[in-house]
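Participant: First the structure, which I've put down as structure tokens, then a few questions once you've had a look.
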Amino acid sequence: MKLILEKRQQRSKRMALLSPVLAIALTIATGAIIFAMQGLNPAKAIFVYFLEPLTSVWSIEELIVKAAPLVLIGVGLALCYQARVWNIGAEGQLTIGALAGSIIPILFNSWQSPLTLVTMLLLGMLGGAAYAAIPAFLKTRFNANEILTSLMLVYVAQYLADWLIRGPWRDPDGFNFPKSVTFEGWQLLPAIGNGRVHLGAGLAIAAVIIFAVIASKTLKGFEIRVIGSSPRAGSFSGFSQKRTIYFTMLVSGALAGLAGICEIAGPSGQLQPAISPGYGFTAIIVAFLGRLNPVGVLFAGVLLAISYLGGEAAQISLGISAKISQVFQGMLLFFILACDALILYKIRFISSNGKTVKAGI
Amino acid sequence: MSKDVNNSKTGTLLEVKNIVKMFGDLAANDDVSLSIEHGEIHALLGENGAGKSTLVKIIYGSLQPTSGEIFWRGRRVDIPNPSAARDLGIGMVFQHFSLFESLSVVENIALALPGKFDLKALAKRIIEVSRDYGLPLEPSALIADLSVGQRQRIEIVRCLLQEPQLLIMDEPTAVLTPQESEQLFKTLNRLASEGCAILYISHRLDEIQQLCDEATILRHGRVVANVDPKAETAKSLARLMVGSEVMTVSARKAKQDSARVMVVSDVSAPAIGQFGVALKNINLEVHAGEIVSIAGVAGNGQGELFEVLSGERTEYVSGTITLNGEDVTSRNIIQRRALDAAFVPEERLGHGAVPEFSLSENIVLTRHSTNDGILVGGMLNSGVSETIQNRVSSDLDVRKGEADPQASSLSGGNLQKFVVGRELDRTPKLLIINQPTWGVDAGAAARIHQALLDLADAGSAVLVISQDLDEIYAISDRIAVISRGQLSPACPADEMSLEQIGLLMAGAHEKTPAQMEMQS
């Protein structure tokens, strides 16, 4: 008996919605097995990892703080991936955005104006977009694979940040710690409520709404989907593939850059070597789990934020490494991509004599 | 299996009984039975979506029937996959070839054969077999350098090397010149005389009458008749196929001295990519109220000409193109559509339509900037595109399973009607259409032809690019021929004999480089 994948006549809309649910279930099931192999009670471990973060006000605020950058970046990546432009380097664009936005507090520390923060955010977006323009240029000019170029540029950005923070931008009064000056109050994002939640969360929601409208209601969104599905049909329609590559790359770069400066001008309050715990990479999972749909990205961003908090919780109450969250994130991406095959294909079981035994899902 | 049974050349070779194949609720094959004798050339006739391909795929093992039985030499068999079919002695030549362009003929064939590689011995066999059957092939030639007809020969020789008892041919002449088709028929007759049975799928009724001993006609997945095609007329066959009298195309009265809608003067464009064709000094006028057709063998610059005339490609184009008196040479396709021009490309899926988009989304593809109310203040109005979709579908009788299905789920003929109807719905002043009825059944083809004639009668200019000479003669006022990127002057259709067109297709009007030099 063997298993075969048979192409469906139509994309399955049901599977498109079911696939993330299936992937999450498979991730949790595999996670339970991993916990059990560590000698832990799987039920308790799963509870600590996935549900406990939702039980206190503090951790829910923390969840929002972590979800905001994931959603911001995920919305941009979703746009990119709709066009089949594979920007893998959001982490680098985030880093450059954080650096560009920090120019004001570090080099023009005394400029105090209502425009200070706005300028910082704009610089962050500009920095991220400019950095994303490099792989876009290389792709349109030399047909260089953007997966490779954007990914490699992440490391360039991180080393640049490291050099700046340990070198010219180090706080002279910082006892030689690799940190910049602490930002002043007017250089920080205002808080929403009394806790740690800041304006970044509002920006993320705004991005979701704006891009949900762009993706589903405007010609630009249509253009991006056409170019992604069928570039020749796109050119027949009068759209330019190059323009789409630039547009999606620049927008996703700008959003990643905005997420970067929001991290620095929000929870962090100064430049440090660890600008992000891999938000730019995790947002790739967010985009796919959210079905490349801005509203879906919102939910997926919250879920992936749980995996960060869960990792910390697991370290504290279960005594296992916080790296477990990377294992969970990796599994989730793996399962979502595998389950997505079921949107276009269905599984059939074939017995050795060639008869269909059972039509599967 | 004993040897004498294996070698018998008489009696029934293949019998399929009561085959049913369901796709969801749709019965693509509904109780289909058919039998083929040794040495018989058996035609399988039917409209697009009648279930021919499904049946053939079941016989070739790439689909499994929902129910029904297959007998091979009187023995009941299961054919779980194509390699099992080949082991039985069933070979198939597909409509779309699967050859590696950068490999040679012998390498391509070696890849398809079981056993270990011995290119030298194989090359020798290829030469023998191909010469024996009048299909000359050079084993060391690169696929990229070969014409479509030559590529098809490779596929046929590849099958012949496995000494098939049954050869399935899916629309083999769709891509061939008349001469190449004649040669193919000779080969097929020769094969049949040696005892190999042939299952021949085609839309071309004249071919089937000329070639086939028996024809099974499918309609909506059912067998409607088994007939001797030689005893039928083309009309009666067509009637069986579509179930009603085929719409006959009404005669045209050519209009003289009407306004020039499109003028192409001295347009040249370099080839793009390894396999592109350069356009050289194209001159052409299309007047209001007339249909001008461009004949030619596939791959002689038709695709390039379409792209340049539609404005999909404006880079590196020299010369001038005017539309209603305005110079549009450097304007893109959206701007040309805004000047009331409309275009239908050759490839329906992936060029004329996005396969995974719904029909109403595919309406937006060419109508977003043509003042149809789809785009209002930068926002798409899906209600309008749905209305247009419904109108197009009912005007051209597009048959579909649900109200607004994915484009890829439509059969070829129905999608073509949709893609053509989407443009006709605008009543454009100029319509440029590449291969209007390629791979489309007789019913849909007649419908499209009539629509083109009606459009011209209403005063629009129509430019048709086609390989189908019957089609060209049926609808054209004037005919030009393209070969290797050069276009012959367009002459009135009644002054062009088949022989003349044949000569032009072979390049009679092409200018040598020296002549081109003098002209410019």
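Participant: Would you grab the residues whose amide H sits under 5 Å from the one on B:ILE41? Only those 5+ places off in sequence or on another chain, please, with H modelled 1.01 Å from N.
Facilitator: Result for B:ILE41 returns B:ILE198, B:ASP213, B:GLU214.
Participant: Let me ask something additional. Karplus couplings for the range B:398-403 from phi (6.51 cos²θ - 1.76 cosθ + 1.60, θ = phi - 60°), rounded to Hz, Gly and Pro as x?
Facilitator: Running phi through 6.51 cos²θ - 1.76 cosθ + 1.60 with θ = phi - 60° gives 6, 8, 8, x, 10, 4 Hz.
Participant: Under 25 Å from the Cα of A:LYS179, which lysines turn up, not counting those fewer than eight places away in the same chain?
Facilitator: Partners found: A:LYS66, A:LYS323.
Participant: Next question. Give the percent of DSSP beta bridges with both residues in the range B:3-242 that are antiparallel, rounded to the nearest 5.
Facilitator: Here the share of antiparallel DSSP bridges comes out near 55 percent.
Participant: Along the principal axes of its C-alpha atoms, what lengths does the range A:209-329 span, in descending order and rounded to whole Å?
Facilitator: Computed over the range A:209-329, the largest-to-smallest principal extents equal 58, 29, 22 Å.
Participant: If amide H atoms are built 1.01 Å from N in the plane of the peptide, which residues on other chains or at least 5 residues away come under 5 Å of the amide H of B:SER460?
Facilitator: Residues meeting the criterion, in which the H sits 1.01 Å from N, are B:GLY289.
Participant: Normalise the Debye intensity by I(0) for the range B:120-211, one equal point scatterer per Cα, no solvent, then take log10 at q = 0.11, 0.25 Å⁻¹ and round to two decimals.
Facilitator: So the normalised log intensities are -0.30, -1.50.
Participant: With θ taken as phi - 60° and the coefficients 6.51, -1.76 and 1.60, list the Karplus ³J(HN,Hα) couplings across the range B:404-411 in order, rounded to whole Hz; mark glycine and proline as x.
Facilitator: These are the phi-based 3J(HN,Hα) values: 9, x, 5, 4, 5, 7, 7, 6 Hz.
Participant: Please report Rg (one decimal) and Dmax (integer) in Å for the Cα set of the range A:185-242.
Facilitator: Reported Rg and Dmax, both Å: 18.2, 54.
Participant: Next up: Evaluate the relative contact order of chain B (contact order divided by residue number), counting alpha-carbon pairs under 8 angstrom at least 6 apart; express in whole percent.
Facilitator: Across chain B, relative contact order equals 14 percent.
Participant: Could you pull the Cα extents of the range B:260-519 along its three principal axes, largest to smallest, in whole Å?
Facilitator: Projected onto its principal axes, the Cα set of the range B:260-519 covers 57, 39, 37 Å.
Participant: Could you report the buried accessible area between A and B, both sides summed, computed with a 1.4 Å probe and given in Å² to the nearest 100?
Facilitator: Approximately 2500 Å², summed over both chains.
Participant: Find how many whole Å separate the alpha carbon centroid of the range B:53-110 from the alpha carbon centroid of the range B:288-324.
Facilitator: Between the Cα centre of the range B:288-324 and that of the range B:53-110, the gap is 39 Å.
Participant: Using only alpha carbon pairs under 8 Å that are at least six residues apart, calculate the relative contact order of chain A and give it in whole percent. It would help to have the intermediate numbers written out before the result.
Facilitator: Numbers: 639 pairs, mean separation 126.0, N = 361.
The value is 35 percent.
Participant: Another question, then. Using +1 on the beta carbon of Lys and Arg, -1 on that of Asp and Glu, and nothing else charged, what's the dipole of the protein assembly as shown about the Cα centre, debye to 20? Before the final figure, lay out the partial values.
Facilitator: On the way: 75 positive and 81 negative charges, 429 e Å.
Roughly 2060 debye, rounded to the nearest 20.
Participant: Sort A:334-341, B:108-115, A:283-290, B:335-342 for me by packing, meaning the mean count of neighbouring Cβ atoms within 10 Å per residue, highest on top.
Facilitator: Details: A:334-341: 16.9, B:108-115: 15.2, A:283-290: 27.2, B:335-342: 21.0.
Ranked from most to least packed, the peptides come out as A:283-290, B:335-342, A:334-341, B:108-115.
Participant: Between the range A:141-165 and the range B:448-499, what is the C-alpha centre distance in whole Å?
Facilitator: When both Cα centres are located, 55 Å separates them.
Participant: If packing is taken as the average number of other Cβ atoms within 10 Å across a peptide's residues, how do B:363-372, A:190-199 rank, most packed first?
Facilitator: Result, highest mean first: B:363-372, A:190-199.
Participant: Which values of log₁₀ I(q)/I(0), to two decimal places, follow from the Debye formula for the range B:3-242 at q = 0.10, 0.13, 0.15 Å⁻¹ with a uniform point scatterer at every Cα?
Facilitator: Scattering profile of the range B:3-242, log10 relative to I(0): -0.47, -0.80, -1.06.
Participant: OK, next. How many percent of the accessible area of the protein assembly as shown is carbon or sulfur, using a 1.4 Å probe?
Facilitator: Percent of accessible area from carbon and sulfur atoms in the protein assembly as shown: 58.
Participant: When ligands, DNA and RNA are left out and all protein chains stay put, how many square angstrom of accessible area per residue does the range B:360-455 have with a 1.4 Å probe?
Facilitator: Working: 3080 Å² over 96 residues.
Value for the range B:360-455: 32 Å² per residue.
Participant: Just the accessible area per residue of the range A:41-101, please: how many Å² with a 1.4 Å probe?
Facilitator: Result: 30 Å² of accessible area for each residue.
Participant: What are the extents of the Cα atoms of the protein assembly as shown along their three principal axes, in Å, largest first?
Facilitator: Each principal axis gives a Cα extent; for the protein assembly as shown these are 99, 73, 54 Å.
Participant: Another question, then. Using helices alone, what [θ] at 222 nm do you get for chain B, with -39,500 (n - 2.57) per DSSP H run of 4 or more residues, divided over all residues and rounded to the nearest 500?
Facilitator: -10000 deg cm²/dmol
Participant: For chain B, count all C-alpha to C-alpha pairs, find those more than 41 Å apart, and express that count as a whole percent of the total.
Facilitator: 25 percent
Participant: Tell me, in nm to one decimal, what length is gained between A:ARG8 and A:GLN38 on full extension, where the rule is 0.36 nm per residue of separation less the Cα-Cα distance?
Facilitator: The A:ARG8-A:GLN38 span can extend by a further 6.7 nm.
Participant: Now a separate question. Residue-wise, which Karplus ³J(HN,Hα) couplings in Hz belong to the range B:213-222, taking 6.51 cos²θ - 1.76 cosθ + 1.60, θ = phi - 60°, and x for glycine or proline?
Facilitator: Coupling constants for the range B:213-222: 8, 8, 10, 9, 10, 9, 9, 6, x, 10 Hz.
Participant: Also: Against the empirical 2.2 N^0.38 Å scaling, what ratio does the C-alpha Rg of chain A come to?
Facilitator: After normalising by residue count via 2.2 N^0.38 Å, the value is 1.07.
Participant: Could I ask something else about it? Can you give the convex hull volume of the alpha carbon atoms of the range A:120-193 per residue, in Å³?
Facilitator: So the per-residue hull volume is 138 Å³.
Participant: Here's a follow-up. So who's got an amide H within less than 5 Å of the one on B:LEU176, skipping anything under 5 residues away but keeping other chains? H placed 1.01 Å off N, in plane.
Facilitator: Those lying under 5 Å, H to H, from B:LEU176: there are none.
Participant: Oh, and also: Cα axis of helix B:148-160 to longest principal axis of chain B: angle in degrees, 0 to 90, nearest 10?
Facilitator: Taking Cα atoms only, the helix is inclined about 10 degrees.
Participant: Another one. List, by residue number, every residue in the range A:206-226 with a reduction of 10 Å² or greater in accessible area between the chain on its own and the complete protein assembly, 1.4 Å probe.
Facilitator: Checking the loss per residue gives A:VAL213, A:LYS217, A:THR218, A:LEU219, A:PHE222, A:ARG225, A:VAL226.
Participant: Right, next: Can you give the average number of partner chain beta-carbon atoms within 10 Å of each beta-carbon in peptide B:351-358, as a whole number?
Facilitator: What the average comes to for B:351-358 is 5.
The values are calculated or read from the model by the stated rules, or taken from the named source; none is laboratory data. Only a predicted model underlies this, so the values are computations on that prediction, with no experimental measurement involved. Note that each Cβ is placed from the backbone with ideal geometry, even for glycine, and that neighbours are counted across all protein chains shown. Only protein heavy atoms, including side chains, enter the accessible area calculation; ligands, DNA and RNA are left aside. Shrake-Rupley method; radii C 1.70, N 1.55, O 1.52, S 1.80 Å.
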